[in-house]
Each structure stands twice: as C-alpha cells, then as structure tokens.
1. Mind checking the angle between helix 9-24 and the chain's longest principal axis? C-alpha axes, 0 to 90 degrees, to the nearest 10.
2. Starting with the fewest neighbours, write out Phe69, Phe28 ranked by other beta-carbon atoms found within 10 Å of each beta-carbon.
3. Just want the answer: with Cβ charges of +1 for Lys and Arg and -1 for Asp and Glu, which residue in Ser2, Leu85, Leu45 is farthest toward the dipole's positive end in the chain?
4. If you find the alpha carbon centre of segment 32-73 and of segment 1-19, how far apart are they in angstrom?
5. For Arg64, what is the net charge nearby, where nearby means another residue's Cβ is under 15 Å from its Cβ and Lys, Arg count +1, Asp, Glu -1?
6. If packing is taken as the average number of other Cβ atoms within 10 Å across a peptide's residues, how do 61-68, 43-50, 73-80 rank, most packed first?
7. Please get the size of the charge dipole for the chain, origin at its Cα centre, with Cβ charges of +1 on Lys and Arg and -1 on Asp and Glu, quoted in debye to the nearest 20.
Amino acid sequence: MSYKWKPNASQRAAYREKCLEKESLPTFTTSKVIREGCYIEYYSLNKGEVIKGNVVNSSYGSERGQHTFTIDTGSEKILVKGRNLYPNIIKHVQGKQSLEESK
C-alpha cells in the first residue's frame, strides 16, 4: 500500500513561506560533534520557528541509519531527526561530552 501525501495550495504556500524565512537566516552545517549537553539553535521547517535548547539525548538507529536527538527547550522536549537538524543549524555550542569525544 503506497500512501503519498498531496498538499493543497494553501499548504504549499505555507511551506514555501517557511523555506523563504529559512533562507534569510544564517544557517550552516556544523562540522562538530553533536551529543548530550550541546546547546543548539536551529530553524524547524515543520513549526516555522527557531528552536533553542540543550541536547539531552542522542541515539543512532543502526538498522535504518538515522541519528535522532532529544532537545529540551525548557517548556517541552522535542524529538528531532538528524536529517532535519544538520542543515538548519543557526548556533551550536559544544557540550562537555562532545568536546571529549572529538579529541
């Protein structure tokens, strides 16, 4: 069974606006290790806003090859896939564990 979501015109327009907003931000792809304790600011295309918080957990699913991060924003914890996080980083401050692993 193959399900393919087809957005309507207003959904496409909203996504286009989020993409244009992302292009105006100074995003980059970090070359540093992202692990527990890192401070991250990234632009979420799903929510259309900048998310700021600390990485409290990172895991790698070897079966599917997906890196997943749990980010604590203070008010909530957000689960983010690496493919959505890496190209949308605005600020990355390495944590203690991340600095030790990169040596």
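Computed from the coordinates by the stated procedures, all read-outs in this text should not be read as laboratory data. Everything numeric in this text was worked out from a predicted model, so none of it was measured. When we count neighbours, we look across all protein chains shown, and the Cβ atoms used for this are built from the backbone with ideal geometry, even at glycine.
1. 40 degrees
2. Numbers: Phe69 24, Phe28 13.
Listed from fewest to most nearby Cβ atoms, that is Phe28, Phe69.
3. Highest projection toward the positive end goes to Ser2.
4. 24 Å
5. +1
6. Those peptides, ordered most packed to least, come out 43-50, 73-80, 61-68.
7. I would put it at about 360 debye.
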